1. Can you pull out every residue in the stretch C:1-35 that is touching a residue at least 12 places away in the same chain (Cβ under 8 Å) and either facing chain B (nearest Cβ under 9 Å) or under 20 Å from residue B:166 (Cβ atoms) (or both)?
2. Given B:252, B:235, B:212, which one is closer than 30 Å to residue B:98 by Cα and either in contact with a helix residue (DSSP H, G or I) (Cβ under 7 Å, 6 or more places away or on another chain) or more than 11 Å from chain C (Cβ to nearest Cβ) (or both)?
3. With at pLDDT 90 or above, more than 8 Å from chain C (Cβ to nearest Cβ) and within 18 Å of residue C:20 (Cβ to Cβ) as the only criterion, which of B:163, B:136 stands out?
4. Closer than 30 Å to residue B:256 by Cα and touching a Ser or Thr at 6+ places or on another chain (Cβ under 9 Å), is that true of residue C:187?
5. Do we have residue B:226 as of a type in the set (Gly, Ala, Ser), touching a residue at least 24 places away in the same chain (Cβ under 8 Å), on the phi < 0 side of the Ramachandran plot and surrounded by fewer than 24 Cβ atoms within 10 Å (Cβ to Cβ) here?
6. So residue B:152 clears everything in (1) farther than 30 Å from residue C:199 by Cα; (2) away from chain C (no Cβ under 12 Å); (3) without any contact (Cβ under 8 Å) to a residue 60 or more places away in the chain; (4) surrounded by 16 or more Cβ atoms within 10 Å (Cβ to Cβ) except one condition, right? Which one?
7. What strands (runs of 3 or more DSSP E) completely inside the stretch A:21-95 contain at least 3 residues that are among the aliphatic types (A, V, I, L, M) and closer than 30 Å to residue A:228 by Cα?
Amino acid sequence: MAFLTLQGISKRYGDFTAIEQLDLAVERGELLALLGPSGCGKTTTLQMVAGFVTPTTGRILLDGRDITQERPEKRGVGVVFQSYALFPHMTVAGNVGFGLEMRKVKRKERDERVAEALSLVRLNGLGHRYPKELSGGQRQRVAIARAIAMQPELLLLDEPMSNLDAKLREEMHIELRAIQKRLGITTILVTHDQVEAMTMSDRIAVMHRGAIAQLSTPYDAYERPATPFASTFLGRTNAFPGEVLRRNPRCAEVAVAGTTLHVPHEGRQVDGSVNVYIRPEKVHLANGDARVRGRIATRVFVGNQWLLEVETELGKLRVAQPNLGAPPPEEGHEVGLAWTDDDLRVLTQDDRESAHGHA
Amino acid sequence: MATLEDGRPGAAPWLLSGPALLLFVGLLLVPLLLTLMLSFRVFSDTAGVTSAYTLTNYWEVVSDPYYGTIFLRTAGLAFAVTLLSIVLGVPETIVLARMKRPWQSLCLLIVLGPLLISVVVRTLGWQILLGNNGVLNNLLQSLHITSEPIRLVFTMTGMIIALTHVLVPFMVMSVWATMQKLDPQVEWAGRSLGGSPFAVFRRVVLPQIMPGVLSGSIIVFALSASAFATPALIGGRRLKVVATAAYDEFLGTLNWPLGASIAVLLLIANVAIVMGCSRLAERRFRHIFD
Amino acid sequence: MKQNGILGLVYNAFFLTFIIAPLAAVMLVAFTDKGYISMPFDGASLRWFRAILENDDIVSAFWLSVRLAFASATIGVVLAVPAALAIARYRFPGRAALTSFFLSPMMIPAVVLGIAFLRFLSLLHLSGSFWSLVCAHVIIVLPYALRLALSSAVGLDRDAERAALSCGASRFTAFRRVVLPMIRTGVAGGWVLSFIQSFDELTMTIFVATPGTTTLPVAMYNQIAQTIDPLVASVSAVLIVGTVLLMILLDRMVGLDRILIGEAR
């Protein structure tokens, strides 16, 4: 029995549908990421779980309890807001202890638990400061400490890293995940940053236009995207339109720009107009056994890898080569490219069909 | 965003602000100084303002119980009006802040608009409403709440009501400005931590708007302590306040030095209260806001 | 944000009624057909509006107020705009003190200002002059014009001006063609607000006004202090309507909440 269940959740504002028939089960102790671009409905979903927004239809069950109509203050759900939303007129200790105060925890115990929470986020000794006197990173930790101090059953993180600079963000990904694992709190992370989602979560729910396009582990979400949207949203990819010629037991023969590619279909009922995908890192420069030849149009160095755009008969192919050994040839040179067919993916061009066509 | 000029400013800023500065020095600073000097002059019933200097004017104001009553009444009026403005104005501002457009803009316009209408008009309205034959009395009598008209004109109560009406928009303005700076997510944070709507209001929202309430109170207090028209028209001859007393001396008795000393005391009191309370408020709330 | 419950809306209605009540009372009384203050429910007429036109004192006081407000607002803006630009764009010693000085009339009780001007003008034997009254009003309205001009000037994008300079425009041309248009609405709003403040001014003007230079508020005050007859009510009604129209104009131009709450310090 899942710890948190969303059944048939939808949210409509007049004519506008923000969420359409959402079903989701979150296991106890897992960190699930709701990943998607702005407007996909991930924040609305979080707000419904927190109780700030009432669903139009559907039920929300927390540990077996129906909390759909329950008021936010009764739910025992900790929230970390995007802007942190610290109480500016209270000290750090006051902020962190607020949830405990609301539960009428006695002062002595409260102080102990506040100190515990602060040391967990490595802010020991800053209890007497005011939010205004802290840096952005410190404020974020206070927000986290405040949410977990009351030992909530569920933790909701609403794009908590978006206001941090890149370096700090990377560090916090690891740290926050460690805290979550240590406390074992079931957590939902809302983010548009796919690196963040992949780094921190046990499972990712890729959301698109008010519905879940794919729900799987980070690896599966990246390696086996279920919809065109998921393919292009997570990481970079190459996409080529084609027509299915024949469907074999394991792979499909797809005509792409004059050649035929054998693409594993993984049980999908692909037919007619499709897209064939391959990730840039799965394509490498080759000489002898090149599958296709082309001219390097752009070459960019980003530190840990080289990104190339190669004009081939298939179309413009993006290639990512790790920065090991010699740099690739310069722009204008002719090169051969190769890949393993197992790394190819195929999906019907229509988003919705693909999702339903998945076996 | 505007950035300040680099390097030395030279004469430019002084040239630009020169005309205004000259006018202010000549027509503000000088008259105020002259008034100060006037307050030290001797006044005699026969010769008018003489050229002798004395402190008797101040002494008279400070020691004479007549003026003592006036100062006390003015202070009492100011306190009452400030308190009433808080009680009436703060809830209204909170309600306004939670409204949706376009209602919000409309209501804000109605509340703040009267500031652009002359105080004579507003006070006339209260005279009509509060008179013995006025609307309020007629209403109360027709509802059989009272059998005789209540005297409201020429009373302290009437003055307080009318002055509150004139000044409560300033309270609303001040609290509104503070509320605009609040992060709405902070309220939700309070709720998610287990606070009922009332607890969140009391512990999270109210403390944050305190600075606005305070600065509004300072403005309302200062303005009601120096109010003239409303006390003159609603209070009448028998309920003098500082401003009307000064008027009496100047345009009634023609004892200009005495009037000037009242004015100087009023100015000092005003500045002292405003600056003193502002400084206190700043120190108290320094850690909260930028 | 939390929505308003029924309690909030009821309170709001009560509060708005409180605010409007005296103004509504005045407007109603203006339409009475009786010769004394009464409600027009048992007889309405426009006689008191016609009476305005027949009352020379009121009419001349009205025109004086208009001319006075026009002059004060214009001079106020002409003085305030350069000062605002100076304060907004240059960092010079005394900048904060200068700003406070220019804004100080708002903190000085109107009574004190009235007395000070009265003393000053009588010493110079300039009491009955229209232009001395204008000067006094300029002092009163300049803070309002300055505040609005300041908030416009502070929000100005200097880069636009620098772009003009890099295209070869002289400093003056850049000012005239780039800066001035950008602060135009703030300045115009400042003018309208100054006009209204000067027109409405009562307390200070009472001290400085003479029989030859009586403004409309002072004339009305004098009337009310003696007896109240519906004439003041009809004049007030006209003023209310006029102000509402100006308010709408102001709102279109600059946005009323920005003016009334103000920004730059």
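1. C:23, C:26, C:27, C:28, C:29
2. On the way: B:252 fails: closer than 30 Å to residue B:98 by Cα; B:235 fails: closer than 30 Å to residue B:98 by Cα.
Going through B:252, B:235, B:212 in turn, just one is closer than 30 Å to residue B:98 by Cα and either in contact with a helix residue (DSSP H, G or I) (Cβ under 7 Å, 6 or more places away or on another chain) or more than 11 Å from chain C (Cβ to nearest Cβ) (or both): B:212.
3. Working: B:136 fails: at pLDDT 90 or above.
Sole residue among the options that is at pLDDT 90 or above, more than 8 Å from chain C (Cβ to nearest Cβ) and within 18 Å of residue C:20 (Cβ to Cβ): B:163.
4. On the way: closer than 30 Å to residue B:256 by Cα: no; touching a Ser or Thr at 6+ places or on another chain (Cβ under 9 Å): yes.
No: the conditions fail for residue C:187.
5. Working: of a type in the set (Gly, Ala, Ser): yes; touching a residue at least 24 places away in the same chain (Cβ under 8 Å): yes; on the phi < 0 side of the Ramachandran plot: yes; surrounded by fewer than 24 Cβ atoms within 10 Å (Cβ to Cβ): no.
The answer is no for residue B:226.
6. The number of the failed condition is (1).
7. Values: elements: A:31-35, A:57-62, A:77-80.
The qualifying strands (runs of 3 or more DSSP E) are A:31-35.
Residues checked against (1) buried (at least 22 other Cβ atoms within 10 Å of the Cβ); (2) more than 19 Å from the chain's Cα centre (by Cα):
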residue: B:239; (1), (2): no, no
residue: B:243; (1), (2): yes, no
residue: B:252; (1), (2): no, yes
residue: B:258; (1), (2): yes, yes
residue: B:266; (1), (2): yes, no
residue: B:275; (1), (2): no, no
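The values are calculated or read from the model by the stated rules, or taken from the named source; none is laboratory data. All figures in this text were calculated on a predicted structure; none of them were measured in a lab. Reconstructed Cβ throughout: ideal geometry from the backbone, glycine too, with neighbour counts over all protein chains shown.
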